[in-house]
1. Tell me the helices (runs of 4 or more DSSP H) entirely within the stretch 116-224 that contain at least 2 residues that are within 26 Å of W12 (Cβ to Cβ), touching a Gly at 6+ places or on another chain (Cβ under 7 Å) and not basic (K, R).
2. For the stretch 86-105, indicate whether the set of residues that are of a type in the set (S, T, Y), crowded, with 18+ Cβ neighbours inside 10 Å and more than 15 Å from the chain's Cα centre (by Cα) is non-empty.
3. Regarding the stretch 178-194, can at least one residue be identified that is at pLDDT 95 or above, of a type outside the set (G, A, S), within 14 Å of P145 (Cβ to Cβ) and loosely packed, with under 14 Cβ neighbours inside 10 Å?
4. What number of residues within the stretch 97-115 are assigned to a loop (DSSP other than H, G, I, E, B) and either hydrophobic (A, V, I, L, M, F, W, C) or modelled with pLDDT under 95 (or both)?
5. Does the stretch 48-62 hold any residues that are closer than 14 Å to F90 by Cβ and either among the hydrophobic types (A, V, I, L, M, F, W, C) or in contact with a His (Cβ under 7 Å, 6 or more places away or on another chain) (or both), and which are they?
6. Among the numbered conditions (1) crowded, with 19+ Cβ neighbours inside 10 Å; (2) under 30 Å from F58 (Cα atoms); (3) in contact (Cβ under 8 Å) with a residue 12 or more places away in the chain, tell me where H112 comes up short.
7. Identify, please: which residue in the stretch 195-224 is among the β-branched types (V, I, T) and within 17 Å of V142 (Cβ to Cβ) and is, among those, surrounded by the most Cβ atoms within 10 Å (Cβ to Cβ)?
8. Within the stretch 122-134, does at least one residue satisfy the condition of being crowded, with 17+ Cβ neighbours inside 10 Å, in contact with an Asp or Glu (Cβ under 8 Å, 6 or more places away or on another chain), within 28 Å of E24 (Cβ to Cβ) and not β-branched (V, I, T)?
Amino acid sequence: MRCLYCHNPDTWGIHSRANNIGKEVTVDEILDMYDGVKEFCSGGITCTGGEPMMQPEFLTELFEAAKERGINTCLDTSGVTFNPDNTAVFDRLMKSTDIVMLDIKHIDDEEHKKLTGHTNKNILAFAKYLSDLKKTTWIRHVVVPGITYDDKYLHRLGVFLSGLKSIKALDVLQYHDMGKVKYENLGIPYPLPDTPPLTKAEAAHARDVIMQGIRDGLAEQLKS
């Protein structure tokens with residue numbers, strides 16, 4: 001995706017070695033690196049990005065090997081690659097995944113397209129898929145002034161979340177513009193030059209609205 005507030009534009013070139021950002025490694029090399037610092041970890045690894053599901057086979061091999069060593073596994077994903085009509089790759093991966101941290105960028109499909117360039121339908125389908133699997137899920141939602149900081153959308157998000165049965169945490173994240181320097185270094189115009197960072201008070205309000213949406217959604221479910 002190309003989220004307007006993305007603070008990692010350096011991860012976009014997935015087929016390039018621009019600026020020597022990344023290097024190829026094996027599963028064993030990653031787990032050996034983990035073993036070298038495991039005393040300072042809480043017992044697990046998190047794969048994030050960019051989008052880790054761009055490499056599903058490697059990711060699955062890594063998580064399966066990690067579980068063999070007794071290492072907890074967490075997937076931090078946007079869910080954008082999920083295909084509800086062909087879940088075989090995800091079915092295998094989920095067997096070795098302990099926690100999924102799912103970013104829901106925007107609850108409204110048309111607004112999601114404006115924000116990211118993609119529909120949110122497969123992302124919301126992934127959330128429901130995780131719920132059906134009873135997979136422990138943490139929902140993450142970035143609140144951006146003028147985009148997602150809107151009571152109507154925040155409440156809709158809460159109502160949607162009320163239908164999911166495996167959510168264990170909700171992270172309401174404040175939009176910040178600390179990625180501007182990366183855009184400058186890469187020679188890319190920053191998409192939200194005039195958008196102010198979200199305040200703590202606004203973030204607290206956003207969380208309250210989402211939680212009210214969850215309560216309202218659960219109340220409607222009890223009526224039906």
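The values are calculated or read from the model by the stated rules, or taken from the named source; none is laboratory data. Small disclaimer: the values here were computed from a predicted structure and weren't measured. When we count neighbours, we look across all protein chains shown, and the Cβ atoms used for this are built from the backbone with ideal geometry, even at glycine.
1. Values: elements: 121-133, 151-161, 180-186, 200-223.
Of the helices (runs of 4 or more DSSP H) lying wholly inside the stretch 116-224, those with at least 2 residues that are within 26 Å of W12 (Cβ to Cβ), touching a Gly at 6+ places or on another chain (Cβ under 7 Å) and not basic (K, R) span 121-133.
2. If we filter the stretch 86-105 for residues that are of a type in the set (S, T, Y), which is where we start, we get 87, 96-97.
So of that shortlist, the ones also crowded, with 18+ Cβ neighbours inside 10 Å come out as 96-97.
Then drop every residue that is not more than 15 Å from the chain's Cα centre (by Cα), which leaves 96.
Yes.
3. No; the residues of the stretch 178-194 include none that is at pLDDT 95 or above, of a type outside the set (G, A, S), within 14 Å of P145 (Cβ to Cβ) and loosely packed, with under 14 Cβ neighbours inside 10 Å.
4. Step one: list which residues in the stretch 97-115 are assigned to a loop (DSSP other than H, G, I, E, B), which gives 97-98, 104-108.
Keeping just the survivors that are either hydrophobic (A, V, I, L, M, F, W, C) or modelled with pLDDT under 95 (or both) gives 104, 107.
Looking only at that region, the number is 2.
5. M53, M54, L59
6. Only one criterion in (1) crowded, with 19+ Cβ neighbours inside 10 Å; (2) under 30 Å from F58 (Cα atoms); (3) in contact (Cβ under 8 Å) with a residue 12 or more places away in the chain is unmet by H112, namely (3).
7. Taking the stretch 195-224 and keeping what is among the β-branched types (V, I, T), we get 195, 199, 209-210, 214.
Those left that are additionally within 17 Å of V142 (Cβ to Cβ): 195, 199, 209-210.
On the way: T195: 17, T199: 11, V209: 22, I210: 26.
Residue satisfying both the conditions and the ranking: I210.
8. no
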